[in-house]
């Protein structure tokens, strides 16, 4: 192993110990949509801890929060060929820096999505930004280029006519990138030190919008790659298959790992896999087609699973048994995934209505709502006692 | 001035110049698959001498870099600007670089965007002159301004003239369509097939079998033979070449009209394009089906994807070359097994342009 990689791994490990308050990737640092940091409870558009700022381009990507900075991607131009990576001061929304690049791959997308659909991943040291054009950028937190790749420059047929949205994951000094389509279909492990290809896996040729997930136990971390075939666990260091669940899975909502070492796979409704302590095998423990998610991915917190279906019904179930504990209808339509802080669940619908559910109640209901009056398709971040959410035009921090 | 400081200054300048040269030569060499990344990282970390005088050499380097190298250079330019004194931003040199059309389109676009960020007043004043620009992304700014001016113009005749001007000079599909829409609303007749150069007369043969999408990779006889046979064994009996044309207003050819709405089938379409010279061209294809395209027997590109969105004009822009005289263009268009209403289409549209998007007309002399 290279010395630079060892140093990198040590730095990353030390950082992981202090990141509970940050929101480092799609659906948070844990990748399950929840944060252990306190949430604001009731949120306000004009609260003392709230702000809104204009964005230079479109995006469905979520904000991520590292230290006191909010990072976000956007795409602009007649064909969304300009790719933006932007840093904002989290306290007041002022832009700290912006970097602009050009897409080297295809930028054609369905009108509902766009080129900036994937969420940045950070290890606390650097940012990995992925775009639908299959351009990957690694920047320092101050915006300095570390490396970049144009994966469609290397493989011109990794493209989806509707656009792509898989978000990267960082594990064991490797950036895990899923670029899976009807035509050429691959997953890559890129060296975090220089962006070179550590491994490249042929994957099922089928359009796939899901994101890789981390599965962790003690000091060990493996990666789950979802596709229409199911969920394949791989070693992030070399990309080798460890085990595979092969009973099919959704190609839109992603799987979720829980602290009970259970992976919830959107498969035949919802299927729960109990992973062994060494992360080398799994056992199917329950399945329920009433817990089938819509577009958003399942969220877990404190032993409970939360999922919104295509009829805009929010269901809460036990992670261990799958028993449905309560259900409630939300105002839809909903495309984003729910997120959870210390006590509250936040879910945005497509018209910009944020519905807040107090999870401490025995029979939870929407206790508060706020209307951004803008199309919201992405998933928020929970950090710094606030909710961070974006539309095609604006980024909000919504605090108390 | 004493000799030692002078020598130090000369040494400093030489080191800086060498550092810049090392950096630019490294970024030009960035290749596919991450090749050159490690060298680029080393070159960037070593070079702390970048300032505004480095911007022009970096733009010149973009002329020789590929699109991935371009992004490396954009990142370095961005960092250079942030770390340098804004008063020394080389406006005139960048303006001159933009005006020199022998520079690559991507680097000239970067130069224009630098002016937009650092001297928006100058950038705006340049826009009208971009109407003849060979780089479509720059020409687009001028067309957008004309369309804006026309939409605000209260005099109907002046507005009409502006829309006609926009249509005459536009190269990008959305701007052509906007100008056409406005002119048609004003009673004008526009022939987009002629204006955009869609190829509407073809010959077609099929259907051939595409069960389980295997036909895409299967080599049927029309792909390999230099002289076409009259008929072949097809999916539903003998398949013969027949004339195939369209009167669609955007040159769309509907294969379903030829064979009915069948699934798991494929067809070949061919045409001859007579070029008055040997030239580099762009084949601009739209299709929501899987397809392959050959020019003079050489496979240019293929795409094995079905029904991910609608067929779009200029959906795929493929670089190619024509020889002087007759050029054989062959298309393979595949239909899959899906039965949803949005998977019925089996279609394509194709035109040939130069790099700026201007249609290449067929020579009248074969």
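The values are calculated or read from the model by the stated rules, or taken from the named source; none is laboratory data. Please read these numbers as outputs of a predicted model, since none were measured by experiment. FYI the Cβ positions are ideal-geometry reconstructions off the backbone, even for glycines, and counts take in every protein chain you see.
Every residue, every condition in (1) in a strand (DSSP E or B); (2) touching a helix residue (DSSP H, G or I) at 6+ places or on another chain (Cβ under 8 Å); (3) under 22 Å from residue A:112 (Cα atoms), yes or no:
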| residue | (1), (2), (3) |
| --- | --- |
| A:328 | yes, no, no |
| A:332 | no, no, yes |
| A:351 | no, no, yes |
| A:357 | yes, no, no |
| A:360 | no, no, no |
| A:368 | yes, no, no |
| A:376 | no, no, yes |
| A:389 | yes, no, yes |
| A:392 | no, no, yes |
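Pull out all pairs, ordered by first then second residue, where Cβ-Cβ is under 6 Å, the residues are six or more apart or on different chains, the first lies in region B:148-160 and is within 16 Å of residue B:180 (Cα to Cα), and the second is at pLDDT 95 or above and not in a helix (DSSP H, G or I).
Listed pairs, sorted by first residue: B:159/B:153; B:160/B:186.
What's the number of the only condition in (1) in a strand (DSSP E or B); (2) more than 14 Å from chain B (Cβ to nearest Cβ); (3) within 16 Å of the chain's Cα centre (by Cα); (4) more than 30 Å from residue B:288 (Cβ to Cβ) that residue A:31 fails to meet?
(1)
Which one of A:379, A:375, A:351 is surrounded by fewer than 18 Cβ atoms within 10 Å (Cβ to Cβ), touching a strand residue (DSSP E or B) at 6+ places or on another chain (Cβ under 9 Å) and modelled with pLDDT of 95 or more?
Criteria check complete, one pass: A:351.
Matching residues to (1) within 24 Å of residue A:163 (Cβ to Cβ); (2) buried (at least 23 other Cβ atoms within 10 Å of the Cβ); (3) in contact with a strand residue (DSSP E or B) (Cβ under 9 Å, 6 or more places away or on another chain):
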{"residue": "A:246", "(1), (2), (3)": "no, no, yes"}
{"residue": "A:265", "(1), (2), (3)": "yes, yes, yes"}
{"residue": "A:270", "(1), (2), (3)": "no, yes, yes"}
{"residue": "A:273", "(1), (2), (3)": "no, yes, yes"}
{"residue": "A:283", "(1), (2), (3)": "no, no, yes"}
{"residue": "A:287", "(1), (2), (3)": "no, no, yes"}
{"residue": "A:297", "(1), (2), (3)": "yes, yes, yes"}
{"residue": "A:304", "(1), (2), (3)": "no, no, yes"}
{"residue": "A:316", "(1), (2), (3)": "no, no, yes"}
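Does residue B:288 satisfy the condition of being at pLDDT 95 or above, within 14 Å of another protein chain (Cβ to nearest Cβ), surrounded by 14 or more Cβ atoms within 10 Å (Cβ to Cβ) and in contact with a strand residue (DSSP E or B) (Cβ under 8 Å, 6 or more places away or on another chain)?
Spelling it out, residue B:288 is indeed at pLDDT 95 or above, within 14 Å of another protein chain (Cβ to nearest Cβ), surrounded by 14 or more Cβ atoms within 10 Å (Cβ to Cβ) and in contact with a strand residue (DSSP E or B) (Cβ under 8 Å, 6 or more places away or on another chain).
Here is a yes/no grid of residues against (1) under 19 Å from the mean Cα position of the chain (by Cα); (2) within 14 Å of chain A (Cβ to nearest Cβ); (3) buried (at least 18 other Cβ atoms within 10 Å of the Cβ); (4) not in a helix (DSSP H, G or I):
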| residue | (1), (2), (3), (4) |
| --- | --- |
| B:68 | yes, yes, yes, no |
| B:73 | no, yes, yes, no |
| B:93 | no, no, no, no |
| B:97 | no, no, yes, no |
| B:106 | yes, yes, yes, no |
| B:110 | yes, yes, yes, no |
| B:117 | no, yes, no, no |
| B:147 | no, yes, yes, no |
| B:166 | no, no, yes, no |
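Could you check region A:73-90 and list, in sequence order, the residues that are within 14 Å of chain B (Cβ to nearest Cβ) and part of a loop (DSSP other than H, G, I, E, B)?
Across region A:73-90, the qualifying residues are A:77, A:78, A:79, A:80, A:81.
Hey, any hits in region A:38-57 for a residue that's surrounded by fewer than 23 Cβ atoms within 10 Å (Cβ to Cβ), touching a strand residue (DSSP E or B) at 6+ places or on another chain (Cβ under 9 Å), away from every other protein chain (no Cβ under 13 Å) and under 30 Å from residue B:342 (Cβ atoms)?
Yes.
May I ask you to verify whether residue B:60 is assigned to a helix (DSSP H, G or I), surrounded by fewer than 23 Cβ atoms within 10 Å (Cβ to Cβ) and touching a strand residue (DSSP E or B) at 6+ places or on another chain (Cβ under 8 Å)?
Numbers: assigned to a helix (DSSP H, G or I): yes; surrounded by fewer than 23 Cβ atoms within 10 Å (Cβ to Cβ): yes; touching a strand residue (DSSP E or B) at 6+ places or on another chain (Cβ under 8 Å): no.
Here the answer is no, as residue B:60 does not meet what is asked.
Can you work out which of the residues in region A:91-107 that are facing chain B (nearest Cβ under 9 Å) and surrounded by fewer than 20 Cβ atoms within 10 Å (Cβ to Cβ) is nearest to residue B:67 (Cα to Cα)?
For region A:91-107, the residue satisfying everything is A:98.
Determine which member of the set B:310, B:270 is in contact with a helix residue (DSSP H, G or I) (Cβ under 9 Å, 6 or more places away or on another chain), within 14 Å of another protein chain (Cβ to nearest Cβ) and either in contact (Cβ under 8 Å) with a residue 12 or more places away in the chain or within 24 Å of residue B:215 (Cα to Cα) (or both).
None of the others qualify; the one that does is B:310.
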